[in-house]
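Values quoted throughout were computed directly from the atomic coordinates according to the rules given, and no laboratory measurement underlies them. Being a predicted model, the structure only gives us computed values, none of them experimental. Positions of Cβ are backbone-derived with ideal geometry, glycine not excepted, and every protein chain shown enters the neighbour counts.
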Amino acid sequence: MSLLSVKNLSISIADKEVCDALNLSFEAGQVWGVLGCNGVGKTTLLHALCYLRTEYKGDIFIKNENISQLKRKDIAKQIGIQLQHSEDPFPSTVLDTVLTGRHPYISNWQWENEGDLEKAKAALDVVELTELTERAVNNLSGGERQRVTLATLIAQNPEIFLLDEPNSHLDLHYQIKLLEYFTSYAKTHNHLLIMSLHDINLAARFCSHVLMLTGEGGEISGPVDQVLTAENLTLTFKHPINELTDSDKKIYIPA
């Protein structure tokens, strides 16, 4: 089942084309990696997919509903996004921050209930921050703050996860642990995961599909085993990429 689809989607930033008449269907249970050079528009595309960016041509559908016709709260019940940068203008504890992931399900002037609290605590357990529930978020390290952001998304529990460079600030243990969690969750619950990544080998390891933004509106997309090739990666990253085989795994390194 298609959870998210785009039809003739064209996005530009100033005079730079991110995509041109893009047509894609993102199915339940799939894990998509978005790859491309810095500045090619990966973040802009993710923002458009959850309607944070409204300046585009074409259509974006959540299931069969045009996203432009939905209320923000209804979008937030179905799509959750992890942004590259988190800002904390007001004092807040780790637990209170993660609880904001439950706000799409709470009526105006209503407080979080015990069920919301349990979901937030369970999310903190996934990212291994249970011991920091009362710590102020502005006193966290960069990696800890990133894990709070991901816990907030876990507590939100949308059908569609959008992750924008989820490995930023994370050490190796949490990079692998949290990618394993999100990819496994998407597959076993028939949800959808779309994430921008800088590491080609993480895309090869965790993704079922990739969308490569090649610049000037160009793109290459499809199943990993069909389109993640040295030739396509060389075109995407503007640098020669070599493909190595280790047992049944493919590894990509710059030439």
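As a calculated quantity, the FRET efficiency between His169 and Glu27 at R0 = 41 Å, using C-beta atoms, amounts to about 0.85.
Does segment 17-86 come out rounded, prolate or oblate by the C-alpha gyration tensor, with a ≥ b ≥ c the root eigenvalues, rounded set by a/c under 1.5 and, if not, prolate when a/b is larger than b/c and oblate if not? Note, shape of segment 17-86 comes out rounded.
Mean projected area of the Cα convex hull of segment 79-161, taken over all directions, amounts to 5.5 nm². Helical runs (DSSP H, four residues minimum) scored at -39500 (n - 2.57) apiece and divided by the length of the chain put the mean residue ellipticity at 222 nm at -9500 deg cm²/dmol. Among Leu213, Leu46, Leu117, the largest mean-square fluctuation in a Gaussian network model of the chain (Cα springs under 10 Å) belongs to Leu117.
Direction-averaged projected area, Cα convex hull, segment 13-54: 3.7 nm², rounded to one decimal. Normalised radius of gyration (Cα atoms, divided by 2.2 N^0.38 Å) for segment 1-123: 1.22.
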